[in-house]
Amino acid sequence: MKKVRVPQIETDRLILRMWTRADAAQLYDYAKDPDVGPNAGWKPHESVAESRMIIDTLFRANETWAIVEKETGIVVGSIGLEPDKYRPGIQSREMGYSLAKSRWGRGYMTEAAKKLISYAFDVLSLKVLMIRTSETNIRSQRVIEKCGFRYEGTLRRAYLLYNGDLREVRCYSMLREEYLANLES
């Protein structure tokens with residue numbers, strides 16, 4: 001599988017960098033928490049080996065960064081850009097993320113997301129950036145709104161969870177011209 005090389009990106013408190021296999025134990029530490037994965041639609045990790053497989057098959061094969069806390073050097077989350085399956089043929093990506101529960105409420109995800117939004121529009125020259133979240137994931141909705149995305153609507157029974165359940169999905173997007181207008185204000 002082709003590995004995508006993502007640049008290292010820094011914020012005031014975080015480093016966004018490519019995942020390594022050595023990160024598997026730290027990924028497992030937060031991804032095993034039943035309050036983390038199910039909010040993003042994936043099952044809690046069951047072992048370090050499963051986390052290593054996720055790093056190899058998903059994270060390192062796509063544009064997905066490890067979120068590293070500068071102060072501690074610990075991997076505390078992930079953030080990535082995937083093809084936007086709702087807008088084929090358009091310069092559009094979908095942003096997704098997860099964060100260790102122990103780091104919730106510190107503004108880390110908003111900080112990382114804003115930096116990745118700049119990368120998406122300034123470096124990748126995207127026309128559209130979209131993001132989806134569940135109706136019940138209020139924390140994620142707050143991050144999305146703080147970052148300036150606009151609510152597009154809710155798709156009913158649009159996401160099949162790891163356990164076979166279907167859930168509603170709130171869809172948001174940011175257009176290139178909206179991003180540029182936000183820079184000017």
Considering segment 43-57, residues that are crowded, with 16+ Cβ neighbours inside 10 Å and among the charged types (D, E, K, R), and then whichever is nearest to Glu168 (Cα to Cα), we arrive at Glu50
Inspect all residues belonging to segment 63-81 and state whether any of them is surrounded by 14 or more Cβ atoms within 10 Å (Cβ to Cβ), more than 20 Å from Thr110 (Cβ to Cβ) and either modelled with pLDDT under 95 or touching a His at 6+ places or on another chain (Cβ under 7 Å) (or both). no
Return the pair list, or none, for Cβ contacts closer than 6 Å from residues in segment 34-52 that are farther than 18 Å from Gly96 by Cβ to residues that are of a type in the set (Lys, Arg), at least 6 apart or on different chains. Arg52/Arg21
Within segment 20-58, which residues are closer than 19 Å to Glu94 by Cα and aromatic (Phe, Trp, Tyr)? Trp42
So in segment 124-139, with the set limited to residues that are hydroxyl-bearing (Ser, Thr, Tyr) and under 17 Å from Arg167 (Cα atoms), which one is surrounded by the most Cβ atoms within 10 Å (Cβ to Cβ)? Thr133
Write out, first by first residue and then by second, each pair whose Cβ atoms fall under 9 Å of each other, whose residues are 6+ apart or on separate chains, and whose first residue, in segment 151-165, is farther than 30 Å from Glu178 by Cα while the second is aliphatic (A, V, I, L, M). Leu160/Leu166
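Conditions (1) under 15 Å from the mean Cα position of the chain (by Cα); (2) loosely packed, with under 12 Cβ neighbours inside 10 Å, marked per residue:
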{"site": "Arg5", "(1), (2)": "no, yes"}
{"site": "Gln8", "(1), (2)": "no, yes"}
{"site": "Thr11", "(1), (2)": "no, no"}
{"site": "Met18", "(1), (2)": "yes, no"}
{"site": "Asp23", "(1), (2)": "no, no"}
{"site": "Asp29", "(1), (2)": "no, no"}
{"site": "Lys32", "(1), (2)": "no, no"}
{"site": "Gly37", "(1), (2)": "yes, no"}
{"site": "Gly41", "(1), (2)": "yes, no"}
When only residues in segment 6-42 that are of a type in the set (Lys, Arg) and in contact with a Phe, Trp or Tyr (Cβ under 9 Å, 6 or more places away or on another chain) count, which is nearest to Glu168 (Cα to Cα)? Arg17
How many residues are at pLDDT 95 or above and either exposed (fewer than 13 other Cβ atoms within 10 Å of the Cβ) or not small (Gly, Ala, Ser) (or both) when one looks only at segment 140-168? 13
Scanning segment 169-185 residue by residue, the ones that are modelled with pLDDT under 95 and either within 23 Å of Gly37 (Cα to Cα) or touching a strand residue (DSSP E or B) at 6+ places or on another chain (Cβ under 7 Å) (or both) total 1
Given the conditions (1) part of a helix (DSSP H, G or I); (2) touching a strand residue (DSSP E or B) at 6+ places or on another chain (Cβ under 7 Å), and given that Ser51 satisfies all but one, which numbered condition is not satisfied? (2)
Complete set of residues in segment 47-66 that are closer than 23 Å to Glu10 by Cβ and β-branched (Val, Ile, Thr): Ile55, Thr64
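The values are calculated or read from the model by the stated rules, or taken from the named source; none is laboratory data. Fair warning: this is a prediction, and the values are worked out from it, not measured in the lab. With ideal geometry, Cβ positions are generated from the backbone for all residues, glycine too; neighbour counts draw on all protein chains shown.
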